[in-house]
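The values are calculated or read from the model by the stated rules, or taken from the named source; none is laboratory data. Just so it is clear, the model here is predicted, and its values are computed rather than measured. Note that each Cβ is placed from the backbone with ideal geometry, even for glycine, and that neighbours are counted across all protein chains shown.
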Amino acid sequence: MQRCDIDEIPHINRLVADEIIKYTTSSVLNRQRTSRERYFSRPLIGFADASDPLFERFKNIIGDFHLTPKEFFEAEFGRDSFAGGTVICWILPINKNVLLCNRAQTKFPSLEWAHTRYYGEDFNNALRSHIVSFLTDMGYRSVSSSLSSKWERIYSPYVGHASSWSERHAAYVAGLGTFSLSDGLITEKGIAHRCGSVITELKLKSTIRPYEGVYDHCLFYSSNTCGVCIKRCPAGAITSDGHNKDMCFQFIREVVMPAVNEEYAFTTPSCGLCQTRTPCETKIPNKKRK
Ligand code: SF4
Ligand code: SF4
């Protein structure tokens, strides 16, 4: 399938995309504490129809607790307030200098990676709020599901640690990437990123999903090769069966945090070794010729 290029989309989509890019490149919150660099480079942006049937299907795949854009919107603006709209999604690729620091790690995240997880997510939240305000000022009611009172962490006996909204799943619907053996989303700019979204009643043109399957970009599934993330994971949480969320969660809370919190002088759950020094780190990896 042909990818819908951001430069070829209609004027109003372009306006919104430009605002996301402008905020990301100019915000002081997107500046690293340990260098003059940004946490995130130029974002990728996608637009999903808020009524795309995939959002309803996630209730079967993830669980009933995973809410649709309509449910988030109506929780914010009242019953029957939703008459269609768009989920605006973005990918914030992690800056090269942060990736280089984490590439060298074999057990714990680098300070730069931990800062990106913590302060970078503060920036991501500011971006969510900014885009909600931007759209509201244009006259369109909007909400960030991740900042909404309906967002909650959930432990499901079927899928383990989860939440009422998955930014990665929304980005998948918006054509920004496909899933991986390690449970990440492999985008045009790779797997090392943070992602975000805003639900709005503004009806924008949807971007095309330039893939067929949910794992198209991961070499393990697409060509039965790679598995580098399996070896990168110090917790043994990634195997040929996929990502064990419980092992990952436990390793980060019980091993990583006690080891690095004191040294780094702040508290954050981070790791990301499976997202660095892998073929999918900064791009969609090339399939090997058989
Ligand atoms: S390292 Fe290889 S197997 Fe793991 S997610 Fe990336 S492409 Fe897939
Ligand atoms: S985040 Fe760390 S512990 Fe979790 S799967 Fe990736 S490498 Fe393993």
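One table, with the values for the structure above:
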| quantity | calculated |
| --- | --- |
| All positions within the range 261-283 that are in contact with a Gly (Cβ under 8 Å, 6 or more places away or on another chain) and over 16 Å from G227 (Cβ atoms) | T282, K283 |
| In the range 241-290, the residues that are within 16 Å of ligand 1 (Cβ to nearest atom), part of a helix (DSSP H, G or I) and closer than 23 Å to K96 by Cβ | L273, C274, Q275 |
| Options E201, E188: the member that is out of contact with any His (no Cβ under 8 Å at 6 or more places or on another chain) and buried (at least 18 other Cβ atoms within 10 Å of the Cβ) | E201 |
| Number of the condition not met by H243 [criteria: (1) at pLDDT below 95; (2) within 16 Å of ligand 2 (Cβ to nearest atom); (3) closer than 27 Å to K189 by Cβ] | (1) |
| Filter result for the condition that a residue is closer than 30 Å to M257 by Cα and touching a Pro at 6+ places or on another chain (Cβ under 8 Å), over F40, F65, F55 | F40 |
| Restricting the range 46-90 to residues that are touching a residue at least 40 places away in the same chain (Cβ under 8 Å) and polar (S, T, N, Q), the residue that is nearest to S146 (Cα to Cα) | T86 |
| The range 210-236, subset touching a residue at least 60 places away in the same chain (Cβ under 8 Å) and within 16 Å of ligand 2 (Cβ to nearest atom), residue surrounded by the fewest Cβ atoms within 10 Å (Cβ to Cβ) | P234 |
| The listed residue being closer than 16 Å to S142 by Cβ and in contact with a Gly (Cβ under 8 Å, 6 or more places away or on another chain), out of F77, F73, F47 | F73 |
| Filter result (within 20 Å of W113 (Cβ to Cβ), buried (at least 18 other Cβ atoms within 10 Å of the Cβ) and charged (D, E, K, R)) within the range 13-63 | R38 |
| Residue under evaluation S81, criteria (1) under 17 Å from the mean Cα position of the chain (by Cα); (2) loosely packed, with under 15 Cβ neighbours inside 10 Å, criterion not met | (1) |
| Unmet criterion (only one of (1) buried (at least 24 other Cβ atoms within 10 Å of the Cβ); (2) away from ligand 2 (no atom under 16 Å from the Cβ); (3) in a strand (DSSP E or B)) for W165 | (3) |
| Meets criteria (out of contact with any strand residue (DSSP E or B) (no Cβ under 8 Å at 6 or more places or on another chain) and within 24 Å of S206 (Cβ to Cβ)) for G85 | no |
| Options R168, R103: the member that is over 13 Å from the mean Cα position of the chain (by Cα), of a type in the set (D, E, K, R) and at pLDDT 95 or above | R103 |
| Residue satisfying all of: in the range 216-233; farther than 24 Å from K107 by Cβ and part of a helix (DSSP H, G or I); nearest to ligand 1 (Cβ to nearest atom) among these | L219 |
| Selection within the range 189-213 - over 28 Å from N95 (Cβ atoms) and either within 14 Å of ligand 1 (Cβ to nearest atom) or in a helix (DSSP H, G or I) (or both) | G213 |
| The one condition in (1) buried (at least 16 other Cβ atoms within 10 Å of the Cβ); (2) among the charged types (D, E, K, R); (3) assigned to a loop (DSSP other than H, G, I, E, B) that E112 fails to fulfil | (3) |
